[in-house]
1. Does the stretch 203-215 contain any residue that is closer than 28 Å to Ala35 by Cα and within 12 Å of the ligand (Cβ to nearest atom)?
2. Taking the stretch 267-279 on its own, how many of its residues are hydroxyl-bearing (Ser, Thr, Tyr) and either open to solvent by 40 Å² or more (accessible area, probe 1.4 Å) or out of contact with any Pro (no Cβ under 8 Å at 6 or more places or on another chain) (or both)?
3. Confirm whether Thr254 is of a type in the set (S, T, N, Q), under 19 Å from the mean Cα position of the chain (by Cα) and within 16 Å of the ligand (Cβ to nearest atom).
4. Do you know which of the residues in the stretch 258-272 that are in contact (Cβ under 8 Å) with a residue 40 or more places away in the chain and either in a loop (DSSP other than H, G, I, E, B) or small (Gly, Ala, Ser) (or both) is farthest from the ligand (Cβ to nearest atom)?
5. Taking the stated definitions as given, is Ser200 exposed (fewer than 15 other Cβ atoms within 10 Å of the Cβ) and within 13 Å of the ligand (Cβ to nearest atom)?
6. So which pairs qualify, if the first residue must be in the stretch 227-244 and open to solvent by 50 Å² or more (accessible area, probe 1.4 Å), the second must be within 16 Å of the ligand (Cβ to nearest atom), the Cβ gap must be under 7 Å, and the two must be at least 6 apart or on different chains?
7. In the stretch 36-53, which residues are away from the ligand (no atom under 16 Å from the Cβ), in contact with a helix residue (DSSP H, G or I) (Cβ under 8 Å, 6 or more places away or on another chain) and not in a helix (DSSP H, G or I)?
Amino acid sequence: MKWKQQLFGMKAYKPGKPIEEVKKLFGLDEVVKLASNENPFGSSPKVKQFLQKDESNHAIYPDGYAQNLRTSLANFYGVDENEIILGNGSDDLIAIITRALLYPGVNTVMADLSFSQYWHNAEIEGAEIRKVPLKNGVHDLEAMLEAIDENTSVVWVCNPNNPTGTIVSDEALSAFLAKVPKDVFIVLDEAYVEYINDASYKDTLHYFRDYPNLILLRTFSKAYGLASFRVGYGIAQPDVIAKLDPVRAPFNNTILSQQVAQIALQDQEYIASCREANEIGKKQFVEFCEQHGLNYFPSQTNFVMFEVKAPSNVVFEEMMKRGFIIRSGAALGLEGYIRVTIGTEAQNARFLQLLEEVLNEQGVLA
Ligand SMILES: Cc1ncc(COP(=O)(O)O)c(C=O)c1O
């Protein structure tokens with residue numbers, strides 16, 4: 001068969017082991033997943049109330065234009081409805097962007113380490129991938145500029161960055177945006193934007209007005225606690241949306257997804273309370289790292305990536321046996337580190353207690 005050559009040797013995205021499987025495997029009653037940066041508190045209670053009395057007709061197709069959610073997002077951000085594209089998660093939007101703009105002969109520039117879906121999708125489209133190392137865990141925007149040439153089609157800025165959790169300064173970002181050639185498409189992926197707590201952070205929404213070659217990506221999967229519903233969105237100028245929309249599958253958000261996202265968006269008090277709780281959890285991790293002399297990246301997200309001074313996969317396995325699923329740094333490209341989603345205060349305390357035990361066993365803290 002006439003498969004795309006680049007598919008040979010490619011592997012599907014490998015999600016962490018599901019909770020039920022880990023329970024069975026290690027005979028555990030309780031397993032906590034701190035691997036995919038979901039909101040440990042779930043979604044707004046208003047979403048749960050709605051779901052209990054939902055009577056929508058699931059036999060009919062959803063509104064492919066997601067009119068109600070679109071209007072809510074447009075009002076929330078003060079943008080026009082034709083400046084929004086909805087995705088089945090922002091993963092879907094990343095795939096749509098790569099499908100629209102990447103092909104053999106062009107290249108795409110991204111940070112290393114950053115979110116895997118950028119290069120995974122670029123590889124499928126047969127584009128050349130240019131990875132630019134982070135500088136102290138932060139996007140090196142100057143080096144990324146240097147990596148751009150006349151064949152560059154898309155540049156990805158993950159802000160805050162997954163897996164390091166760091167942000168770029170507004171100064172560095174605005175200087176970068178001004179220098180990127182006008183025919184290079186800039187993706188500003190802000191999946192964790194609601195968690196940012198750095199006083200120097202300046203809202204980036206306005207950038208799409210100045211730059212017709214820029215899209216902002218945001219999602220309901222993280223702070224909004226709706227990862228299973230798969231809703232992400234992009235904000236860009238109408239010409240960009242009009243180019244991307246034909247690539248989008250016609251009914252890429254379900255009826256329920258559109259409804260719950262709209263309800264969750266209205267409950268900003270809930271988002272603020274999750275951000276506060278996240279800060280408390282973040283402190284628990286930071287204190288642990290400082291107490292034990294472990295390097296960590298200053299996180300502006302709901303996860304922390306830090307040093308364990310032991311083989312990442314061993315720590316990952318040992319924590320799994322003890323009922324915590326995390327991400328091994330080895331799988332993310334940074335051996336000797338782990339990435340852990342910030343859980344509830346009690347989950348974090350238990351996690352850190354068990355981690356201390358594991359690191360003692362490994363001779364790290366002795
Ligand atoms: C930086 C970043 N972008 C995008 C996504 C995709 O999120 P979703 O497809 O659930 O919206 C993730 C998920 O982990 C992420 O970390």
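The values are calculated or read from the model by the stated rules, or taken from the named source; none is laboratory data. Computed from a predicted structure; not experimentally measured. Heads up, the Cβs are rebuilt from the backbone with ideal geometry, glycines too, and the neighbour counts pull from every protein chain shown. With ligands, DNA and RNA removed, areas are computed over all heavy atoms of the protein, side chains included. Shrake-Rupley method; radii C 1.70, N 1.55, O 1.52, S 1.80 Å.
1. We begin by selecting, within the stretch 203-215, every residue closer than 28 Å to Ala35 by Cα; these are 203-204, 215.
Now restrict to residues that are within 12 Å of the ligand (Cβ to nearest atom): none.
No, the stretch 203-215 contains no residue that is closer than 28 Å to Ala35 by Cα and within 12 Å of the ligand (Cβ to nearest atom).
2. First, the residues of the stretch 267-279 that are hydroxyl-bearing (Ser, Thr, Tyr): 270, 273.
Filter once more, so that each one left must be either open to solvent by 40 Å² or more (accessible area, probe 1.4 Å) or out of contact with any Pro (no Cβ under 8 Å at 6 or more places or on another chain) (or both): 273.
Number of matching residues: 1.
3. Working: of a type in the set (S, T, N, Q): yes; under 19 Å from the mean Cα position of the chain (by Cα): no; within 16 Å of the ligand (Cβ to nearest atom): yes.
Against the criterion (of a type in the set (S, T, N, Q), under 19 Å from the mean Cα position of the chain (by Cα) and within 16 Å of the ligand (Cβ to nearest atom)), Thr254 does not qualify.
4. Checked the stretch 258-272; the qualifying residue farthest from the ligand (Cβ to nearest atom) is Asp267.
5. On the way: exposed (fewer than 15 other Cβ atoms within 10 Å of the Cβ): yes; within 13 Å of the ligand (Cβ to nearest atom): no.
Here the answer is no, as Ser200 does not meet what is asked.
6. Once the first residue is open to solvent by 50 Å² or more (accessible area, probe 1.4 Å) and sits in the stretch 227-244, its partners that are within 16 Å of the ligand (Cβ to nearest atom) give Arg230/Asn88; Arg230/Gly89; Arg230/Ser257.
7. Phe41, Ser44
Listed here are the residues, each with its yes/no results for (1) in a loop (DSSP other than H, G, I, E, B); (2) within 16 Å of the ligand (Cβ to nearest atom); (3) surrounded by fewer than 13 Cβ atoms within 10 Å (Cβ to Cβ).
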site	(1), (2), (3)
Glu55	yes, no, yes
His58	yes, no, yes
Asp63	yes, no, no
Leu93	no, yes, no
Ile96	no, yes, no
